[in-house]
Amino acid sequence: MFPLQRGRRLRLNESIRSLVRETTLSPSDFMFPMFIAEGENYEVEISSMPGIFRRSIDLTVKEVKEIYALGIRAVNIYVKVNESLKDNTGKEAWNPEGLMQRAIKAIKAACPEMIVMPDVALDPYSIYGHDGIIANGDIANDATNEALVKMAVSHAIAGADFVAPSDMMDGRVLRLRQGLDAAGFENVGIMSYSAKYASAFYGPFRDALDSAPRTADIEVPKDKKTYQMDYANRIEAIKEALMDVEEGADMVMVKPGIAYLDIVREVKNAVNVPVTVFHVSGEYAMIKAASERGWLDHDKIMMEQLMCIKRAGASLISTYFAKEAAILLNK
């Protein structure tokens with residue numbers, strides 16, 4: 001009790017504070033989400049995500065080498081698919097010569113130690129902007145799972161270290177594990193988006209990939225709420241994560257990040273696998289916008305949010321700030 005105990009003794013200066021700091025950050029805590037487009041020497045900034053670009057494979061490889069030198073050891077990759085290749089089957093998703101497959105090969109050839117986790121979902125390939133195949137006005141869960149298995153196996157053949165299903169279909173982790181094993185890829189891991197909420201924070205990401213749900217000449221769900229989770233729910237997130245672990249997930253993800261730190265901690269306490277947290281595009285864009293207006297100190301708020309995500313229980317943070325944060329941590 002006071003005055004025998006004085007908490008401020010452990011906060012007197014930075015040297016003492018660093019000695020007793022409970023949580024630390026390093027570049028190896030980060031995964032960098034990257035957007036890939038067709039072409040050569042192509043780079044276009046995403047207007048709603050300042051500092052983040054769609055890049056052709058050659059420039060993506062260059063960026064991968066740069067971030068690896070900073071200590072970042074994982075990338076989560078997404079592709080911007082040409083409209084002419086989109087349909088309701090998603091068949092371009094498992095084209096062995098598709099953009100994603102060529103990107104995986106190029107990254108692994110140029111930087112073999114970089115862990116590559118390609119996105120597994122049909123929305124970039126869907127003419128309707130949904131994560132699955134539309135049938136009778138809804139997402140056909142089991143047919144979508146069959147397509148996702150083809151997609152994941154094609155990623156494994158290309159050299160992916162993990163596949164990252166973000167679709168939120170029921171049972172897809174089990175089907176992916178069975179499909180990968182049957183194809184001889186027992187060592188390719190699964191990082192499952194287990195607690196992915198139907199969030200308004202994804203807007204800039206959908207700008208980047210043009211993957212928002214669209215109006216159509218057939219009946220389609222108007223949004224993604226029949227498969228992504230209701231943000232009012234907590235227990236459901238634990239259930240989903242535990243089910244994915246039982247089905248073979250090597251890592252589970254909570255998405256979004258900062259607004260869902262209570263869920264991160266709940267999931268961390270419930271599972272026995274690493275927990276990834278996606279610090280999403282809207283959270284990134286808000287910091288960029290506020291700092292541009294002088295309302296927040298960009299670097300301080302960036303590092304505070306990343307530290308808070310790690311403190312909540314994240315083993316790995318997928319964040320658009322990965323490169324900027326790594327540069328600061330390396331100083």
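The values are calculated or read from the model by the stated rules, or taken from the named source; none is laboratory data. All figures in this text were calculated on a predicted structure; none of them were measured in a lab. All Cβ positions, even for glycine, are placed from backbone atoms using ideal geometry, and neighbour counts span all protein chains on display. When the accessible area is computed, the model is the full protein with side chains, heavy atoms only, and any ligands, DNA or RNA have been set aside. Shrake-Rupley method; radii C 1.70, N 1.55, O 1.52, S 1.80 Å.
Summed over the range 58-74, residues that are in contact with a helix residue (DSSP H, G or I) (Cβ under 6 Å, 6 or more places away or on another chain) and hydrophobic (A, V, I, L, M, F, W, C) total 5. All of R54, R6 fail the test of being open to solvent by 70 Å² or more (accessible area, probe 1.4 Å) and at negative phi, apart from R6. Of the residues contained in the range 147-160, one or more are found to be within 20 Å of the chain's Cα centre (by Cα), open to solvent by 10 Å² or more (accessible area, probe 1.4 Å), within 15 Å of E247 (Cα to Cα) and at pLDDT 95 or above. Scanning the range 126-139 for any residue that is of a type in the set (D, E, K, R) and surrounded by 19 or more Cβ atoms within 10 Å (Cβ to Cβ) turns up at least one such residue. If the condition is being open to solvent by less than 70 Å² (accessible area, probe 1.4 Å) and out of contact with any Pro (no Cβ under 8 Å at 6 or more places or on another chain), then the range 68-84 contributes Y68, A74. Only helices (runs of 4 or more DSSP H) wholly contained in the range 263-331 count here; list those with 2 or more residues that are under 17 Å from the mean Cα position of the chain (by Cα), at negative phi and not aliphatic (A, V, I, L, M). It comes to 281-292, 298-312. Considering the conditions (1) assigned to a helix (DSSP H, G or I); (2) without any contact (Cβ under 8 Å) to a residue 12 or more places away in the chain, E146 is excluded by exactly one of them, (2).
Just one residue in the set A259, A237, A249 is among the hydrophobic types (A, V, I, L, M, F, W, C), in a helix (DSSP H, G or I) and crowded, with 19+ Cβ neighbours inside 10 Å; that residue is A237.
When D181, D244, D207 are screened for being part of a helix (DSSP H, G or I), crowded, with 16+ Cβ neighbours inside 10 Å and out of contact with any strand residue (DSSP E or B) (no Cβ under 6 Å at 6 or more places or on another chain), only D207 passes. Only one of the numbered conditions (1) open to solvent by 60 Å² or more (accessible area, probe 1.4 Å); (2) under 22 Å from D119 (Cα atoms); (3) in contact (Cβ under 8 Å) with a residue 40 or more places away in the chain is not met by T276, and that is (1).
For the range 184-204, a residue qualifies if it is within 15 Å of E247 (Cα to Cα) and in a loop (DSSP other than H, G, I, E, B), and the qualifying residues are E186, V188.
Yes or no, residue by residue, for (1) open to solvent by less than 30 Å² (accessible area, probe 1.4 Å); (2) of a type outside the set (A, V, I, L, M, F, W, C); (3) under 23 Å from the mean Cα position of the chain (by Cα):
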position	(1), (2), (3)
L12	no, no, no
L19	no, no, no
M31	yes, no, yes
E45	no, yes, yes
E97	no, yes, no
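Could you tell me whether the range 212-234 includes any residue that is outside any loop (DSSP other than H, G, I, E, B) and surrounded by fewer than 19 Cβ atoms within 10 Å (Cβ to Cβ)? Checked the range 212-234: no residue is outside any loop (DSSP other than H, G, I, E, B) and surrounded by fewer than 19 Cβ atoms within 10 Å (Cβ to Cβ). The set of residues from the range 161-178 being in contact with a helix residue (DSSP H, G or I) (Cβ under 6 Å, 6 or more places away or on another chain), farther than 23 Å from N88 by Cβ and either free of Cβ contacts under 8 Å to residues at least 60 places away in the same chain or open to solvent by 10 Å² or more (accessible area, probe 1.4 Å) (or both) comprises just one member, L174.
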